[in-house]
1. May I ask you to list the trypsin sites (Lys or Arg not before Pro) in the range 1-90 that are in a DSSP loop and have at most 11 other Cβ atoms within 10 Å of their Cβ?
2. Net charge near Gly176, counting Lys/Arg +1 and Asp/Glu -1 over other residues with Cβ under 12 Å of its Cβ?
3. With the cut-off at 20 Å, report for the range 124-268 the share of all Cα pairs above it, as a whole percent.
4. Loop-only check: which trypsin sites (Lys or Arg not before Pro) in the range 141-225 are DSSP coil with at most 13 other Cβ within 10 angstrom?
5. So what is the calculated 222 nm ellipticity per residue for the chain, using -39500 (n - 2.57) for each DSSP H run with n of 4 or more, over all residues, to the nearest 500 deg cm²/dmol?
6. Set the Förster radius R0 to 41 Å, insert the Cβ-Cβ distance between Trp3 and Glu213 as r into 1/(1 + (r/R0)^6), and round the FRET efficiency to 0.05.
7. For labels at Glu255 and Glu37 in the simple 7 Å Cα→Cβ model, what's the distance in nm?
8. Using R₀ = 25 Å, calculate the FRET efficiency as 1/(1 + (r/R₀)^6) where r is the Cβ-Cβ separation of Glu191 and Val264; round to 0.05.
Amino acid sequence: MFWSRARRREKVKARAFPEAWEKILAEFVPYYRYLPEGDRAELRGHVQVLVAEKNFEGCGGLAMTDEIKVTVAGYASILLLHREAAYYPRLSSILVYPDAFVARAKKPKSIVGRMDMMDAMDFVDEDDGAVRDGESWETGAIVLAWKPIVEASTDPASALNVALHEFAHQLDLDNGEMDGVPALESDAAHEEWVRVIGGEYDALCDEVDRGRETWLDAYGAEHPAEFFAVLTEAFFMRPHTLQRKHGDVYAVLREYYKQDPAAVLPKA
Ligand SMILES: [Zn+2]
């Protein structure tokens, strides 16, 4: 079965990449523009697989377009580069709202049956009707708002990217739990993760508790899983700053993602 799936994916990747999709990546995924051609080719292949295998659904009146699919798949693919891509095995649906949505708003019919199994992670204050830009569920779906993704793609100063954030949660899930520790290659890598990332998480919580201004999105102090998602955003959106301020954290993420965004993106 795995063999045939691998073969099917190779076939999908062998198809010509539509010129219109290339334009979409260049316009909405700034990181793509700076990658060397070998990485771009790898990323295009991942985009083809994700678009072919995942169910993209427009919500709240949003009509699904190639622009949205390719952009979202583009961000998801950044996190897969240079690694053995598992294509988010537990994720089946990507639901996109035009703009920020209210948590627990009426869900599309296709997933209503799974609502009772929804992960509580992004529903900490589930009944406050909080407006959100994204959610990740352990039961096979992520929910995104399109407008902030477009904004993040056009604002070079933006450190936030809800698409990277939610796909990082899905990576975190690969090894079972959304606990802020994704699948790591060795016990040594795991120890290093706990020491460096865990230590920095405690430091951020401490700063937030004291009411101090934090460079990292303070939302990262909500839970270790949020910390990993917020760090992933910073790693790919503001790598130079992350490297300067938290060199050891940057090094651990560079090891995990097998990428060096500070060497890819020009200094602002
Ligand atoms: Zn989150």
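1. Arg15
2. -4
3. Value for the range 124-268: 48 percent of Cα pairs lie more than 20 Å apart.
4. Arg210, Arg212
5. Numbers: 13 runs with 142 residues, N = 268.
The helix-only estimate for the chain comes to -16000 deg cm²/dmol at 222 nm.
6. With a Förster radius of 41 Å, E is 0.20.
7. It is 3.4 nm.
8. Here the calculated transfer efficiency is 0.35.
The values are calculated or read from the model by the stated rules, or taken from the named source; none is laboratory data. Please read all numbers here as calculations on a predicted model, not as lab measurements. All Cβ positions, glycine included, derive from the backbone under ideal geometry; neighbour counts span all protein chains shown. Side chains are part of the model used for accessible areas, which takes the heavy atoms of the whole protein and leaves out ligands, DNA and RNA. Shrake-Rupley method; radii C 1.70, N 1.55, O 1.52, S 1.80 Å.
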